[in-house]
Each structure stands twice: as C-alpha cells, then as structure tokens.
C-alpha cells in the first residue's frame with residue numbers, strides 16, 4: 001500500500017504541543033482503503049472526531065458500521081442510527097447544483113498523516129491519524145489505542161504496550177515502517 005515514505009515532519013502546534021507527522025498520500029484510493037480498514041476492522045479500538053482549538057469530539061462507536069461507501073467523492077461511514085461523510089475524492093455536485101472546482105478543491109482531503117504527539121521530555125505520549133481539506137481545515141482525527149489509557153480512557157498504572165499493535169500495523173501497512181522502539185519509551189502522556 002505504501003509508496004516512498006517521506007521523512008517525518010516535526011512541528012510545534014499551538015495547543016497540541018510537538019507532533020511528529022508521517023505524511024500519507026491523500027488519494028481517494030489510499031484514503032478509502034485506510035478508512036475502510038480502520039472502521040471495518042478496528043472500530044472497537046478507536047475514538048474519532050474533531051480536534052480543533054476549543055473543541056474535541058472523542059466518539060466511540062458501539063457497533064461496527066452497517067455500510068461504508070463512496071458517492072460523488074464523499075466517503076460515508078454509516079453506523080445505522082448515525083453516519084458521517086468526508087470528501088476524499090473527486091467531487092462534482094449534481095446536474096442541478098454543480099460544484100465549482102474551487103469549492104471541490106476546498107472540500108477534498110489534501111493532507112493526510114499519521115502522527116505521534118511528543119511529551120516535553122521527547123518520549124511519545126499519543127498516536128493517531130488525521131486528515132485536512134484543501135484549506136487546511138481539519139476533517140477528522142482518529143485517536144488510536146494508547147498504552148497509557150484504558151479503553152474507557154482512564155489512566156493505567158503501568159503502560160500496556162500491546163495497545164500499540166494497531167499503530168504498528170497501520171505504520172507497516174500504509175507507510176512501510178516497522179515498529180519503532182521510541183514508541184515504547186514514555187512513562188506517561190501529557191496534555192497540551
């Protein structure tokens with residue numbers, strides 16, 4: 001699945017701390033495969049939503065999605081009583097209401113990345129994936145299992161490194177990167 005993996009970027013983000021980001025090609029094929037993999041096979045291990053200044057939505061699905069599909073560039077993940085859409089592909093609108101190329105470019109994912117948040121001491125404290133549209137507005141963050149937190153988001157007395165299995169698998173599958181001992185170097189996680 002992976003192509004040439006660029007070197008990770010280290011960025012200081014106000015309010016988020018220091019992030020090490022691993023870019024992923026934001027093509028519709030790659031993103032559809034990734035989202036389908038995560039939501040069909042790992043829906044019970046993740047939280048997802050938005051992470052923007054002033055608001056964090058940490059949604060946990062109670063069951064697997066009933067359907068995952070694409071229509072007019074939009075990925076739909078349908079959980080039955082609720083669903084969400086993200087524009088990851090070519091979007092044209094309808095014949096009655098065509099979408100301008102500028103608006104289509106704004107809506108479509110233009111940046112996708114796996115990330116790990118670095119603690120002030122340089123160790124790693126959290127792991128995830130996020131996507132941004134053509135105006136660099138966040139579309140979604142997927143919070144991956146954290147060795148410092150239980151499934152109920154309670155702090156653990158000792159890190160459970162087995163909780164990095166999904167991170168390791170996604171890095172290998174989508175970036176061609178093996179497990180990194182640095183991911184297991186922390187003692188806790190810090191909030192920004």
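What is the ratio of the Cα radius of gyration of the range 1-97 to 2.2 N^0.38 Å, where N is its residue count, to two decimals?
1.26
If each DSSP helix of 4+ residues adds -39,500 (n - 2.57) and the sum is divided by the residues in the chain, what number results at 222 nm, nearest 500 deg cm²/dmol?
The helix-only estimate for the chain comes to -4000 deg cm²/dmol at 222 nm.
Rounded to two decimals, what is the ratio between the C-alpha radius of gyration of the range 106-192 and 2.2 N^0.38 Å?
My calculation over the Cα atoms of the range 106-192 gives 1.16.
If each residue of separation counts as 0.36 nm, what is the full-extension length gain between residue 160 and residue 85 once their alpha-carbon separation is subtracted?
Stretched fully, the residue 160-residue 85 segment lengthens by 23.7 nm.
For the range 9-183, what value does the Rg/Rh ratio take when both radii are computed over Cα atoms and Rh is the Kirkwood radius, given to two decimals?
Here Rg/Rh amounts to 0.97.
What is the distance in Å between the Cα centroid of the range 130-189 and that of the range 11-90?
Each part reduced to its Cα centre gives a spacing of 14 Å.
Calculate the spin-label point distance for residue 173 paired with residue 29, positioning each point 7 Å from the Cα along the beta-carbon direction, and give it in nanometres.
1.7
Using Cα pairs closer than 8 Å and at least 6 residues apart in sequence, work out the relative contact order for the range 9-183, in percent.
That works out to 19 percent.
All of the numbers you see were taken from the coordinates with simple rules; none came from a lab. Nothing here was measured: the structure is a model prediction, and the numbers come from that model. Cβ coordinates were reconstructed from backbone atoms using ideal geometry, including for glycine residues, and neighbour counts include every protein chain displayed.
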